[in-house]
1. Which condition from (1) within 22 Å of SER403 (Cα to Cα); (2) touching a His at 6+ places or on another chain (Cβ under 9 Å) is the one that GLY162 breaks?
2. Any residue in the stretch 130-154 that's outside the structural domain of LEU423 (by TED's automatic domain parsing) and within 16 Å of SER58 (Cα to Cα): show its pairings with residues that are surrounded by fewer than 23 Cβ atoms within 10 Å (Cβ to Cβ) and basic (Lys, Arg) at Cβ separation under 9 Å, as long as the two are six or more apart or on different chains.
3. Among what's in the stretch 139-173 and is surrounded by fewer than 23 Cβ atoms within 10 Å (Cβ to Cβ) and touching a helix residue (DSSP H, G or I) at 6+ places or on another chain (Cβ under 6 Å), pick the residue that is nearest to GLU50 (Cα to Cα).
4. Within the bounds of the stretch 202-220, is there any residue that is exposed (fewer than 14 other Cβ atoms within 10 Å of the Cβ) and either touching a strand residue (DSSP E or B) at 6+ places or on another chain (Cβ under 8 Å) or modelled with pLDDT under 90 (or both)?
5. Could you run through the stretch 159-180 and say how many residues are more than 16 Å from the chain's Cα centre (by Cα) and farther than 28 Å from ILE244 by Cα?
6. Do we find that ASN196 is touching a Pro at 6+ places or on another chain (Cβ under 9 Å) and either loosely packed, with under 14 Cβ neighbours inside 10 Å or without any contact (Cβ under 8 Å) to a residue 40 or more places away in the chain (or both) in this structure?
7. Being of a type in the set (A, V, I, L, M, F, W, C), buried (at least 17 other Cβ atoms within 10 Å of the Cβ) and in contact (Cβ under 8 Å) with a residue 24 or more places away in the chain is the filter; apply it to the stretch 107-125 and report the residue that is farthest from PHE155 (Cα to Cα).
8. What are the residues in the stretch 135-188 that are modelled with pLDDT of 90 or more and aromatic (Phe, Trp, Tyr), if any?
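The values are calculated or read from the model by the stated rules, or taken from the named source; none is laboratory data. No experiment lies behind these values; they were computed from the predicted model shown. Cβ coordinates were reconstructed from backbone atoms using ideal geometry, including for glycine residues, and neighbour counts include every protein chain displayed.
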Amino acid sequence: MPLYRNILYRNAVVVFLSGIVFMTAVPAIALAEGAKMLEEIIVTARKREESLQNVPTSVSVLSSEELDARGAASIDAVGQIAPNVHFENAQPTSGIKSPTVYIRGMGQADFIIVEDPAVGIYLDGVFTGRMVGNAFDLVDVERIEVLRGPQGTLFGRNTIGGAVNVVSKKPGTEFDATFRLAVGEEGHEEARVTINVPLGEQFGGRLTAFSRERDGYVKAQQYDDYELGSEDVWGLRLQLGGAISENLSVDFAYDYSKDTGTPGAAVPLAGIGFFNGQQAAGPGAPGAFGNFWNVFWSGDPGSCTTPTGQATNPACYGPVHNTGDDYASNSVFTDFDGNPVQANQDIEVWGTNLTIDWTVGNLNIKSITSYREFDIFLFNDLDYSPHIVFANTHPEYSQEQFSQEFQITGLAMEDRLHYVVGLYYFEEEGLEDIFNQIAHVPFLGV
């Protein structure tokens, strides 16, 4: 027994001492490597520039290098990179290209103009009031900050789920030009050019223009050339800015984009086949509207309850179950004159902002003045039949917003206290003109 205890004791000492050596050696190696690899990340999550390591909130930062490496073209790429963030570029039930953003389960899926988002999207400190029009391209972006959790204290309303802050690159004082060209499958073509021009020793101008096209991913087989989910976007961004004096800087920005791509394909939700003429429904796909048929047409109405009958019998209404390609649609939408009708959309977004930054000692005063506007036309079929029984048309969907913000940040109590004082004014005016076509449907039977 004494020998056994002695062996245990000596083994314990050896293990303990080796642990001490290991713990003291590893930090030395980590410091040596960290001196070469670590890079300080500066963010403005708390309305002032500070290191990301000092921010006591959950923040993810996506740099321009990371966005380029991942091929991120539009803001919906945030959901593919940042954890615990769900970001889609199109509404799941209608296909309209309006971002659906959720952070930690908080978000808003309805894009109508009277619904406020639960996640705020900011472009260079400017809050964009409506979800429609927020599906903008990542043009000349320096970084994207994703703040999780309620941000009402510093960012204001509509940030109960969090905030996404997009920060653009500022003009430099040296000439620089870059050109990017990309091609890919499904007719993907993308071009982007950026030119930076010095306008004095402390002032510069920066212009970025881009264009992106891609074929749709759902083929409408009954049309000659029509696909859902296509992209046809172009736009530009102009920036002028720099230091007027040692303590005063001014930045002006203007952006414009136009999107005439087709609506995105709808997807099933909660076991309901949201077909909308936009989604391929496989043989096993659910269909809540699959048992409707035209009682005046010839054929066996009972076949409309089977996938084969729905795909072959012209009397059937509802999700057409394809037996082949799941990314194809046999459905064709016609008016009551028999003319084919296509769902389409036209999204035009532009905005401008002026930022003035003045520093006096430990006091910083910032003014952000902005005006933004979007105009949208969209048409979507709302029933799930080969004819326009229920249709949703937005002949006019527009919003104008003006915002003015003053921020005062500084230090007090011998630099032990950081404070932020602000004044914010926001005004918007929106119009959503909806025309819901409801055809006379006594010819439908179940």
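1. (2)
2. Listed pairs, sorted by first residue: ARG148/ARG104; GLY149/ARG104; LEU154/ARG46; LEU154/LYS47.
3. GLU142
4. Here is the first cut: in the stretch 202-220, the ones exposed (fewer than 14 other Cβ atoms within 10 Å of the Cβ) are none.
Looking for residues that are exposed (fewer than 14 other Cβ atoms within 10 Å of the Cβ) and either touching a strand residue (DSSP E or B) at 6+ places or on another chain (Cβ under 8 Å) or modelled with pLDDT under 90 (or both), one finds none in the stretch 202-220, hence no.
5. Number of matching residues: 3.
6. Values: touching a Pro at 6+ places or on another chain (Cβ under 9 Å): yes; either loosely packed, with under 14 Cβ neighbours inside 10 Å or without any contact (Cβ under 8 Å) to a residue 40 or more places away in the chain (or both): yes.
When the stated conditions are applied, ASN196 passes them.
7. Going through the qualifying residues, I end up with ILE113.
8. Listed by number, the residues that qualify are PHE175, PHE179.
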